[in-house]
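All remarks here apply to the structure that follows.
The values are calculated or read from the model by the stated rules, or taken from the named source; none is laboratory data. This structure is a prediction, so every number in the text was calculated from the model and none was measured. Methodologically, a virtual Cβ is constructed for each residue, glycine included, from the backbone with ideal geometry; neighbour enumeration extends over all protein chains shown.
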Amino acid sequence: MTNTSQLATNTGGQTQVFSREIGGTVFELGIGRLAPSTLASVTIRYGDTVMLTTLCDGDARPGTDFFPLTVDFEERMYAIGKIPGSFFKREGRPGTDATLAARMTDRPIRPMFPKNFRREVHLVNTLLASDREHPADVLATTAASTAINMSPLPFEGPVSSVQIARVEGELIAFPTYEQLDQSDLNLVVAANDDSVVMIEAGAKQIPEEDLIEAIEYAEEICHELNSLQQEVIDAAGVEKNEWNPPATDSELESKIETILLSDPDAILDAVKGDGFRGMDELSKSVISTLSEESDEDLDEGAVRSLSEATIKKFVRGRILSEGKRADDRSSDEIRELSALVGVLPRVHGSGLFQRGETQVLTVATLGSLRERARVDTIAPGDWKMFMHHYNFPPYSVGEARPLRTPGRREIGHGMLAEKAIEAVLPEFDEFPYVIRLVSDVLSSNGSTSQGATCGSTLALMDAGVPIKAPVAGVAMGLVTNEEVTNYEILTDIAGIEDALGDMDFKVAGTETGVTAVQLDIKLKRLPADFLNQVFEKARVGRLTILDAMTSALPESRSDVGTHAPKIAVTKIDPEKIGALIGPGGKNINAIIAETSASIDVEEDGTVYVGGETSESLESALKKVDALTRELAVGDEFEGSVVRLMNFGAFVELLPGKDGLLHISELAESRDQEIADLVSVGDSLKVRIQEVDDRGRINLALIGSGGKVGLEDSDTAPTPNRGPRSSSDRSDRRSSSDRSDRPRRRPRRDGEGQRSDRREGDGSGRRKW
């Protein structure tokens, strides 16, 4: 890694650029040129990917009891020289990728602000240019941290983030999209100078120790980027505002503690039974008690805040001192588990997973290639074959409020479960289905994203998707003292433990290894040697959950369900695609209309055929084969006679493809007429004996001796020739004077026997 800095003068003003070489590419932070009206702005560049990060702030809004930080990620399609594909031809609401990028920036930045900080803060990351080689989302955290540290706002940074891939065992910092496609690990880590503060990962069943090694390598890169940030901060020379946390009413705090701690069992009953609603009811009771004791007006907001702080302190202290959680579980104890499959009729696959009061229903739907999702984003890739959608309705927490479209939380939780599951899905050429999973949270008390992961596994196995291994997920928690010297790691945290604890660490995986990780902490640093401990506890918890899931269904069903479409893949010569489609789609549309099947044709000749039933599928496959099959000598068919000529019968082998069965293959003597032997519509079993250089097909009859006239032929037709007298036959023989001639042996080498064939009769069929 090299370090350089430069100062340049541009039309926009004075620009300072600070850079380091990381991962073989120059990493740049620039200040002083763009967006001068903001509180702070930073330009970040890696390769030819460029992003502008801006910071603005506002006054604290009265009555606000949370930190109103907003982080946005704006993709501009001009960054890749593309006009948006929407009807309005402009960018609309942020897509999934942009939403996830905003969340990934918010999560490590938010804990670095002081507690009780209530000033409104807005960060906007705008992607200005993309080389479509280096991902931009991972750059936003570093740029945001730099901008905040250049402002007067209090902030305990710097904090940086880095993406890590592993290709053939080698760890790569800031990998390209191509390297990510080849990697068995996609890891994003954010860290300050003390420890890791955020982890987001998808992996292909890698061992925990390998993941820890990658995290430690990422932490080293973050320290290097923090050092680069510090150069920028020093050059900016902005003086920080002194932060004075709001004063606490110690007298009121003492009264509230006396009221609540006089009955510890009431606290435990409240948080164990109703969680947040229980805390709210306790706060109301405190307000009521204090109102009866004093005639003065109470600040109900302050009472609620102090009541919640007292409850939090009590619950956390009990965990650290007694090792007992609010619901009396031990630190590594998992709540009661339940797993069911096939809970809904008609759907392709369903799974109901419950852990404690958290209950998630996941439904799997299988579709054909045409049902894949089109992706219109900055990142490379046009289609999405697997989707997981997560819904969190208000009734899941007993609330009466309007339903809304999925927000950032729903999108983030859905994507985490999608990462966890994607690692075990079969390749598309092995299982040619587009897969959609929908997880509906029916009841929530902690770790619904991991409940969705477990429900998804059950639904996939029920749908007959041949997954590589079942996946389960568990949420880990942490409670520490202020010095982070005394702590307790909690397995399977409930909702109240997530709110009152210091960490939410979700780990999903199979029996073999990890497939997804998400870590968010409320601390400035993690305890020493923490990762080894938490991953081991998570592994034990995950295996326990997997046992409960596989007891419901040990492995995927052997075939897709009755109501799922039946899909098969066939390969045709790319030169035959035109024949399959036909003029204006005539041929392929006819097949679809006749069979009710779906047909999708790729440029390389791969054909995906889907039918609602096995019969529909088989019928469509036969018709596709008929239109595209390359006929060869020795192929056998049962075809219908479509046309008679004096020298033989034309038999339809495939739609639009006829062959000539010469009269010599049918007649016992030369004086027999073709109309006396077969009729149009007769079915004959034939074999291709020759395909000449002009594509004309000569046939042989399959049967005893190959002659229709033989009485012992099982396959020969019995054409209706009508009545004929013996005198007619004798007259014909005598007039032709052929009775004493030897019968001509049928010629099978094609020489000299088809000289009277002609081409083209205006019917579209070959005329010989």
**Message:** Pull out all pairs, ordered by first then second residue, where Cβ-Cβ is under 8 Å, the residues are six or more apart or on different chains, the first lies in the stretch 557-570 and is closer than 19 Å to Glu427 by Cα, and the second is of a type in the set (Asp, Glu).
**Reply:** Arg557/Asp462; Pro565/Glu612; Lys566/Glu612; Val569/Asp429; Thr570/Asp625
**Request:** Taking only the stretch 608-627 into account, find how many residues are of a type in the set (A, V, I, L, M) and at pLDDT below 90.
**Result:** 2
**Asked** Looking only at residues in the stretch 355-374 that are aliphatic (A, V, I, L, M) and touching a Phe, Trp or Tyr at 6+ places or on another chain (Cβ under 6 Å), which one is farthest from Asp462 (Cα to Cα)?
**Response** Leu369
**Asked** In the stretch 636-666, what residues are surrounded by 15 or more Cβ atoms within 10 Å (Cβ to Cβ) and either without any contact (Cβ under 8 Å) to a residue 40 or more places away in the chain or of a type in the set (D, E, K, R) (or both)?
**Response** Arg643, Leu644, Ala649, Glu652, Leu654, Lys657, Asp658, Ile663, Glu665
**Asked** Does Gly349 satisfy the criteria of being under 30 Å from Leu460 (Cα atoms), out of contact with any helix residue (DSSP H, G or I) (no Cβ under 6 Å at 6 or more places or on another chain) and small (Gly, Ala, Ser)?
**Response** no
**Prompt:** What pairs come up if the first residue lies in the stretch 126-150 and is at positive phi, the second is of a type in the set (A, V, I, L, M, F, W, C), and their beta carbons are under 8 Å apart, counting only those six or more places apart or on different chains?
**Reply:** Arg132/Ile80; Arg132/Ile378; Arg132/Ala379
**Request:** Determine if the stretch 533-556 includes at least one residue that is buried (at least 19 other Cβ atoms within 10 Å of the Cβ), at pLDDT below 95 and over 27 Å from Leu460 (Cα atoms).
**Result:** no
**Request:** Keeping to the stretch 442-456, report how many residues are crowded, with 24+ Cβ neighbours inside 10 Å and modelled with pLDDT of 95 or more.
**Result:** 9
**Fill in**
Within the stretch 254-266, the residues that are touching a residue at least 40 places away in the same chain (Cβ under 8 Å) and crowded, with 16+ Cβ neighbours inside 10 Å are Ile256, Glu257, Leu260
**Complete:** Per the list (1) surrounded by fewer than 22 Cβ atoms within 10 Å (Cβ to Cβ); (2) under 15 Å from the mean Cα position of the chain (by Cα), residue check on Tyr433 breaks on (1)
**Number of the condition not met by Ser598 [criteria: (1) exposed (fewer than 13 other Cβ atoms within 10 Å of the Cβ); (2) of a type in the set (Gly, Ala, Ser); (3) under 30 Å from Ser350 (Cα atoms)]** = (1)
**Qualifying position, being under 30 Å from Pro470 (Cα atoms), surrounded by 15 or more Cβ atoms within 10 Å (Cβ to Cβ) and of a type in the set (Val, Ile, Thr), among Val271, Val360** = Val360
**Request:** At least 3 residues that are closer than 28 Å to Ser330 by Cβ and not assigned by TED's automatic domain parsing to the domain that holds Phe155 in each: list the helices (runs of 4 or more DSSP H) lying fully within the stretch 194-299 that qualify.
**Result:** 250-261, 264-273, 276-293
**Message:** The conditions are (1) in contact with a Lys or Arg (Cβ under 8 Å, 6 or more places away or on another chain); (2) closer than 26 Å to Val474 by Cα; (3) crowded, with 18+ Cβ neighbours inside 10 Å, and Gly367 fails exactly one of them. Which is it?
**Reply:** (2)
**Prompt:** When you go through (1) farther than 28 Å from Asp210 by Cβ; (2) out of contact with any Asp or Glu (no Cβ under 7 Å at 6 or more places or on another chain); (3) part of a loop (DSSP other than H, G, I, E, B) one by one for Arg436, which number turns out not to apply?
**Reply:** (3)
**Request:** Could you list, in sequence order, all residues of the stretch 652-667 that are under 21 Å from Asn587 (Cβ atoms) and out of contact with any helix residue (DSSP H, G or I) (no Cβ under 9 Å at 6 or more places or on another chain)?
**Result:** Glu652, Asp658, Gly659
**Message:** Looking for something in contact (Cβ under 8 Å) with a residue 12 or more places away in the chain, within 30 Å of Gly561 (Cβ to Cβ) and in contact with a Leu (Cβ under 9 Å, 6 or more places away or on another chain) - is there at least one such residue anywhere in the stretch 289-296?
**Reply:** no
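Report yes if Gly317 is without any contact (Cβ under 8 Å) to a residue 40 or more places away in the chain and small (Gly, Ala, Ser), otherwise no.
Criteria met by Gly317.
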**Complete:** Going through the stretch 185-211 in order, the residues found to be of a type in the set (A, V, I, L, M) and within 25 Å of the chain's Cα centre (by Cα) are Leu185, Leu187, Val188, Val189, Ala190, Met198, Ile199, Ala201, Ala203, Ile206, Leu211
**Asked** Counting only residues that are crowded, with 20+ Cβ neighbours inside 10 Å and either closer than 16 Å to Gly561 by Cα or of a type in the set (A, V, I, L, M, F, W, C) (or both), how many does the stretch 317-340 have?
**Response** 3
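Can you give me the ranges of the strands (runs of 3 or more DSSP E) entirely in the stretch 326-425 with at least 1 residues that are farther than 30 Å from Lys82 by Cβ and more than 17 Å from the chain's Cα centre (by Cα)?
337-341, 349-355, 358-367
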**Request:** Restrict the check to the stretch 109-117 and report whether at least one residue is modelled with pLDDT of 95 or more, surrounded by 18 or more Cβ atoms within 10 Å (Cβ to Cβ), assigned to a helix (DSSP H, G or I) and assigned by TED's automatic domain parsing to the domain that holds Asp194.
**Result:** yes
